[in-house]
């Protein structure tokens with residue numbers, strides 16, 4: 001997206017990708033939580049919810065770190081030039 005919009009994108013240029021990501025997250029996360037919590041007894045729902053949320057946050061952090069490592073490992077010098085000229 002950075003190559004398509006340049007280093008200073010307008011708000012409308014990133015609104016559609018963010019809307020698609022938000023829609024996808026909304027359509028996946030709520031049913032996923034309902035599905036997981038329906039499999040545990042009601043008295044353990046709080047603990048199960050906490051474990052589920054912790055797993056989601058850890059998974060997000062690891063995924064972002066992995067993608068960042070791959071991105072900057074393969075395109076790092078290009079990105080540094082774009083950032084420094086901004």
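The values are calculated or read from the model by the stated rules, or taken from the named source; none is laboratory data. Because the structure is predicted, anything quoted here is derived from the model rather than measured. Here the Cβ positions follow ideal geometry from the backbone for every residue, glycine too, while neighbour counts run over all protein chains shown.
Give all pairs with beta carbons closer than 9 Å in which a residue from segment 30-51 that is without any contact (Cβ under 8 Å) to a residue 12 or more places away in the chain meets a residue that is exposed (fewer than 13 other Cβ atoms within 10 Å of the Cβ) and part of a helix (DSSP H, G or I); count only pairs at least 6 apart in sequence or on separate chains.
40/47
Have a look at 60, 77, 49 and point out the one that is at pLDDT 90 or above and under 30 Å from residue 8 (Cβ atoms).
60
Among the residues of segment 12-46, which ones are surrounded by 11 or more Cβ atoms within 10 Å (Cβ to Cβ) and outside any helix (DSSP H, G or I)?
Scanning segment 12-46 gives a single hit, 40.
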